[in-house]
Amino acid sequence: MNGLTKAQAVAWLLPPRRASWRRLLFLCGIALLTFAPASSANNREVLGPGDTIRITVFQNPDLTTEARISEQGTIAFPMLGEIPLAGQRPVDAGARIADLLKRGRLITNAQVNVAVVQLRSRQVSVLGQVVRPGRYALDDTSSRLVDVLAVAGGIGPAGDDTVVVTGTRDGKTTRMEVDVAAMYRSGNLSRNIELQNGDTVFVQRAPVFYIYGEVQRSGAYRLEPATSVMNAVSLGGGLTPRGTTRGIKIHRKAQDGTLQKLDVNLTDTVQANDVIYISESLF
């Protein structure tokens with residue numbers, strides 16, 4: 001783990017408030033990296049431009065070649081020149097090279113093995129509130145949602161628990177929302193979906209509320225599920241000596257866009273983008 005302890009690496013995954021979920025996410029990614037079969041990529045992956053492969057010919061070490069598949073889908077191989085391999089599985093690519101060696105009367109009954117060194121042709125985009133947005137390659141050890149989030153440095157401090165995954169399945173555009181924290185709270189990992197080439201993972205900004213008036217620290221705060229007005233006041237550092245819990249107001253935008261001014265109690269639930277006003281005591 002590049003010299004980091006698991007405890008140190010936990011901070012990469014989710015904002016500090018969710019250390020338990022960060023730990024679960026990180027350890028899940030490590031387990032997949034540790035126990036995934038190394039040969040599984042060779043068994044099912046289709047080669048494409050950008051992939052790096054190693055070709056070995058039995059009893060012919062001088063023909064061992066490591067090459068990157070070009071944008072045209074070809075590699076250069078000794079004695080055979082350019083060979084198109086894009087769109088083929090590694091086992092089929094090996095059989096093709098063996099057949100070309102045999103037909104060219106270069107090696108009789110050649111036994112050729114093609115191994116994937118680096119798979120770069122299958123990529124997903126990770127955008128929004130992650131530590132390192134960008135495009136990331138998929139392989140058998142990092143093809144699930146949690147794996148890709150871990151590679152991208154995890155969800156940033158301003159990121160929401162729920163991420164959106166868009167892509168194409170069977171020719172149709174798909175969209176799925178996954179609550180990562182809830183997935184681990186429930187223990188149901190069925191939503192840790194396997195991503196496919198061309199998918200986009202978007203981590204939106206977490207919802208916030210605003211509090212001002214007679215509180216110690218007015219400002220914007222992350223809205224957690226089931227946050228009450230009392231919780232909001234606590235996050236704001238509590239009341240000032242002049243503040244009162246009587247007459248608390250919430251300014252809330254209605255569905256039609258109008259702004260409502262509501263009288264609320266300490267037990268009422270705060271909604272996204274609510275503006276809470278704590279008034280000054282008259283006595």
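The values are calculated or read from the model by the stated rules, or taken from the named source; none is laboratory data. Bear in mind the structure is a predicted one, so any value in this text is a computation, not a measurement. Positions of Cβ are backbone-derived with ideal geometry, glycine not excepted, and every protein chain shown enters the neighbour counts. Please note that ligands, DNA and RNA were not included when accessible areas were found on the heavy atoms of the full protein model with its side chains. Shrake-Rupley method; radii C 1.70, N 1.55, O 1.52, S 1.80 Å.
Miscellaneous remarks
- Cross-chain or 6+ apart pairs with Cβ under 9 Å, segment 257-278 first and within 21 Å of Pro225 (Cα to Cα) and among the aromatic types (Phe, Trp, Tyr), then assigned to a strand (DSSP E or B) and open to solvent by less than 70 Å² (accessible area, probe 1.4 Å): Tyr277/Ile211; Tyr277/Gly213; Tyr277/Lys249; Tyr277/Ile250; Tyr277/His251
- Test for Val215: is it open to solvent by less than 30 Å² (accessible area, probe 1.4 Å) and without any contact (Cβ under 8 Å) to a residue 60 or more places away in the chain: no
- Of Gly243, Gly247, all but one fail to be of a type outside the set (Ser, Thr, Tyr), surrounded by 14 or more Cβ atoms within 10 Å (Cβ to Cβ) and over 37 Å from the mean Cα position of the chain (by Cα); the exception is Gly243.
- Any hit, segment 98-116, residues being free of Cβ contacts under 8 Å to residues at least 24 places away in the same chain, open to solvent by 60 Å² or more (accessible area, probe 1.4 Å), in a loop (DSSP other than H, G, I, E, B) and not basic (Lys, Arg): yes
- Considering residues of segment 117-155 that are at pLDDT 90 or above, open to solvent by 20 Å² or more (accessible area, probe 1.4 Å) and not in a strand (DSSP E or B) only, the residue farthest from Ile55 (Cα to Cα): Gln129
- Residue check for Glu224: within 28 Å of Gln204 (Cα to Cα), among the acidic types (Asp, Glu) and surrounded by 12 or more Cβ atoms within 10 Å (Cβ to Cβ): yes
- Flag if Val201 is among the aliphatic types (A, V, I, L, M), surrounded by 14 or more Cβ atoms within 10 Å (Cβ to Cβ) and under 30 Å from Gly134 (Cα atoms): yes
- Number of the exception - Ser70 against (1) in a loop (DSSP other than H, G, I, E, B); (2) more than 14 Å from Ser121 (Cβ to Cβ); (3) of a type in the set (Gly, Ala, Ser): (2)
- Search result, residues across segment 57-97 that are open to solvent by 30 Å² or more (accessible area, probe 1.4 Å) and more than 37 Å from the chain's Cα centre (by Cα): Phe58, Gln59, Asn60, Pro61, Asp62, Pro78, Met79, Leu80, Gly81
- Boolean, Arg252 is out of contact with any Gly (no Cβ under 8 Å at 6 or more places or on another chain), in contact (Cβ under 8 Å) with a residue 12 or more places away in the chain and either in a strand (DSSP E or B) or acidic (Asp, Glu) (or both): yes
- The residues in segment 177-197 that are closer than 22 Å to Leu223 by Cα and touching a residue at least 12 places away in the same chain (Cβ under 8 Å) can be counted, and the count is 8.
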